[in-house]
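Reviewing the structure listed below.
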Amino acid sequence: MTAEKAMGDLLDMVKQQQVFLEMFVRSWVDDYRSSGGAIFCGKGCRNCCSLAVHTGFVEALAVARQLDEAQGRAVESYAVKLRDLLKGVTELPEYLRLHRQTMGFCPLLTDAGACGVYPVRPLSCRSLISTRESVWCGADFSQVSQAEREAFVAALDRKVVAFPSHYVAVLQESGKELEEAGAKNMGEFLGFSLYGNLGVLVHLCRSHGLAEACLEGKSSAAGRIAGAGFDHPLLMTLA
């Protein structure tokens, strides 16, 4: 099998995984709502789109291939800003805090608050389903009063959430399992796996030839990432 054929097969596998998860999410949400549960995700709610999104390389490549020039420029600005922001940062909690406070919304979010790449959005986005109002998806709990935090926790449906968050546990777990399967597939087809920040991976695919480097092997991919200045352990994981 040629490297190009392997990449095409990986993209097809990712699409199948996304379709499977989409069907599972819809079925689970329908069942939960029919039993009296409440799900608050909807077009325009967007507060979760301020979270740092990490995904596998192949999912990022699928996104990169769908972007127009304006989206590409937005992603580039995001990636460069994040790269500069993380200089000297070594701890994951600090990275996540800085991202939410400084980076703003996903560069692929439209002015109407909709995902600009919805059909090819990553598994990590598809699996993040909220059992509470959108305001809680954007809440900084360090700024929330003790009474509000206690009320929030008390109202959680502990049978379904990834406690103490308000997101559905089984859907997040399913998304993670599919991501791990995707990493295994990439390892089998190309000899290594690559996982990282979505915006950074998309930028590297569009502007730095990351897909071509991946076809040449792990060392070539690592060199391309380092050459662009994105070889930060909080942004990229090569395995």
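Between Gln16 and Lys87, with labels modelled 7 Å along Cα→Cβ, what's the label distance in nm to one decimal, could you check?
4.5 nm
If r is the Cβ-Cβ distance from Val29 to Ala3 and R0 is 45 Å, what FRET efficiency results, to the nearest 0.05?
On the way: r = 39 Å, r/R0 = 0.86.
Approximately 0.70, to the nearest 0.05.
What residue among Arg149, Arg206, Arg121 shows peak mean-square fluctuation when the chain is described by a Gaussian network model with Cα springs under 10 Å?
Among Arg149, Arg206, Arg121, the largest mean-square fluctuation in the Gaussian network model of the chain belongs to Arg149.
Mind listing the Cα extents of the chain along all three principal axes, in Å, largest one first?
Result for the chain: principal-axis Cα extents of 54, 38, 31 Å.
Once the whole set of protein chains is in place, how much accessible area is left on Thr2, using a 1.4 Å probe, in Å² to the nearest 10?
My reading of the accessible area for Thr2 is about 80 Å².
What FRET efficiency comes out for Ser220 versus Lys184 if R0 is 25 angstrom and r is the Cβ-Cβ distance? Round to the nearest 0.05. Working shown, then result.
Working: r = 21 Å, r/R0 = 0.84.
E between Ser220 and Lys184, to the nearest 0.05, is 0.75.
Go through the range 35-43 residue by residue and turn each phi into a ³J(HN,Hα) via Karplus (6.51, -1.76, 1.60, θ = phi - 60°); whole Hz please, and just put x for glycine and proline.
8, x, x, 10, 10, 10, 5, x, 4
With springs only between Cα atoms under 10 Å, which of Phe189, Phe141, Phe57 fluctuates most in a Gaussian network model of the chain?
Judging by the Gaussian network model, the answer is Phe141.
Quick one: plug the Kirkwood hydrodynamic radius of the range 45-146 (C-alpha pairs) into Stokes-Einstein at 4 °C, 1.567 mPa s, and report D in µm²/s.
Details: Rh = 14.9 Å.
Rounded, D is 87 µm²/s.
Helix 69-85 versus the longest principal axis of the chain: what is the Cα-based angle in degrees, 0 to 90, to the nearest 10?
Helix 69-85 sits roughly 80 degrees off the main axis of the chain.
If I take every Cα pair under 8 Å that is 6 or more residues apart in the chain, average their sequence separation and divide by the length, what percent do I get for the relative contact order?
After rounding, I find 30 percent.
Assuming 1.567 mPa s and 4 °C, estimate D for the range 155-198 with Stokes-Einstein, Rh taken as the Kirkwood radius over Cα pairs, in µm²/s. Spell out each step's value before the answer.
Working: Rh = 12.1 Å.
Rounded to a whole number, D works out at 107 µm²/s.
Would you mind pulling out the separation of the Cα centroids of the range 201-234 and the range 1-66, in Å?
23 Å
What is the calculated FRET efficiency for Val80 to Phe105, with r their C-beta to C-beta distance and R₀ = 22 Å, to the nearest 0.05? Display every interim value, and only then the final one.
On the way: r = 17 Å, r/R0 = 0.76.
According to the calculation, E is roughly 0.85.
For the chain, find the longest principal axis of its Cα atoms and tell me its angle to the long axis of helix 198-207, 0 to 90°, nearest 10.
Around 30 degrees separate the two axes.
How much area per residue is accessible in the chain when the probe is 1.4 Å and only protein heavy atoms are counted (Å²)? Walk me through the numbers before you get to the answer.
On the way: 12070 Å² over 239 residues.
Each residue of the chain exposes 50 Å² on average to a 1.4 Å probe.
Could you look at the chain and say what percent of its accessible area is carbon and sulfur, using a 1.4 Å probe and all protein chains?
Values: 6580 of 12070 Å².
Taking all protein chains in place, the chain shows 54 percent carbon and sulfur surface.
Using helices alone, what [θ] at 222 nm do you get for the chain, with -39,500 (n - 2.57) per DSSP H run of 4 or more residues, divided over all residues and rounded to the nearest 500? Present the calculation step by step, with values, prior to reporting the outcome.
Working: 10 runs with 126 residues, N = 239.
Taken over the chain, the calculation gives -16500 deg cm²/dmol.
Considering only the other residues whose Cβ falls under 14 Å of the Cβ of Arg26, what net charge follows from Lys and Arg at +1 and Asp and Glu at -1? Mind showing how you got there, number by number?
Details: positive: Arg33, Arg126; negative: Glu22, Asp30, Asp31.
Around Arg26, the surrounding residues sum to -1.
Under a crude label model (7 Å from the Cα following the beta-carbon direction), how far is Glu69 from Arg158 in nanometres?
5.6 nm
Given a cut-off of 14 Å, what percent of all Cα-Cα pairs of the range 102-162 lie beyond it? Kindly include the intermediate steps, with their values, before the conclusion.
Working: 1274 of 1830 pairs.
Here the tail beyond 14 Å accounts for 70 percent of pairs.
The values are calculated or read from the model by the stated rules, or taken from the named source; none is laboratory data. Worth saying up front: this structure is predicted, and the values here are computed from it rather than measured. All Cβ positions, glycine included, derive from the backbone under ideal geometry; neighbour counts span all protein chains shown. Accessible surface areas use protein heavy atoms only, side chains included; no ligands, DNA or RNA. Shrake-Rupley method; radii C 1.70, N 1.55, O 1.52, S 1.80 Å.
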